[in-house]
1. Could you run the Karplus curve 6.51 cos²θ - 1.76 cosθ + 1.60 with θ = phi - 60° over region 18-33 and give me ³J(HN,Hα) per residue in whole Hz, x for Gly and Pro?
2. Taking +1 at the Cβ of each Lys and Arg and -1 at the Cβ of each Asp and Glu, which of 44, 76, 99 sits farthest along the dipole of the chain towards its positive end, judged by Cα position relative to the Cα centre?
3. Given charges of +1 on the Cβ of Lys and Arg and -1 on the Cβ of Asp and Glu, with all other atoms neutral, how large is the dipole of region 6-87 about its Cα centre, in debye to the nearest 20?
4. Do any chymotrypsin sites (Phe, Trp or Tyr not before Pro) in region 18-60 lie in a loop, going by DSSP, with at most 12 other beta-carbon atoms within 10 Å of their beta carbon, and if so which?
5. Using only the C-alpha atoms of region 1-95, find the volume of their convex hull and express it per residue in Å³.
6. Note down the relative contact order for the chain as a percent, whole number, built from C-alpha pairs under 8 angstrom at least six residues apart.
Amino acid sequence: MAAAWAKFVSLRPILGKRDGNLEKRLCLFDGCVTRSAIRCNESWLFTQREKQMLRSTQHGMLRKMAGPRRRPEEAWVDWLQRSTRTARSLAQKAGERMWLD
């Protein structure tokens, strides 16, 4: 995960540019960050903790790229759930694969 976060941070000026084309940013995310995160993992047997870590890491990155901003009156947990659902659905529509699939 450290390699995936390092790659994400290095590409953050491009990936986090909200006025840019989301599909192109997700394509770049898939090509660079996803490949760093799941390199050679076809034979891994994940524990529940590792699965949760992969899922939460990907959701966090997708929220930074495509999630809506938090409303001033919105509770943190409500925003977290709403932005995760929104970012995940936009990513799936653009063809982004979920790391655990």
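Taken together, the values in this text are just the output of simple stated rules run on the coordinates, not laboratory data. Values in this document were obtained by computation on a predicted structure and should not be read as measured data. Every residue, glycine as well, gets a Cβ built from its backbone with ideal geometry; the counts of neighbours run over all protein chains shown.
1. Taking θ as phi minus 60°, the curve returns 5, 8, x, 5, 5, 4, 5, 5, 5, 5, 5, 4, 5, x, 10, 6 Hz for region 18-33.
2. 76
3. Here the size comes out at about 180 debye.
4. Details: sites: 29, 44, 46; in loops: 44, 46.
In loop regions of region 18-60 (DSSP not H, G, I, E or B), the sparsely surrounded chymotrypsin sites (Phe, Trp or Tyr not before Pro) are 44, 46.
5. On the way: hull volume 10.2 nm³, N = 95.
In region 1-95, the Cα hull volume divided by residue count equals 108 Å³.
6. Numbers: 74 pairs, mean separation 32.9, N = 101.
For the chain, the relative contact order is 33 percent.
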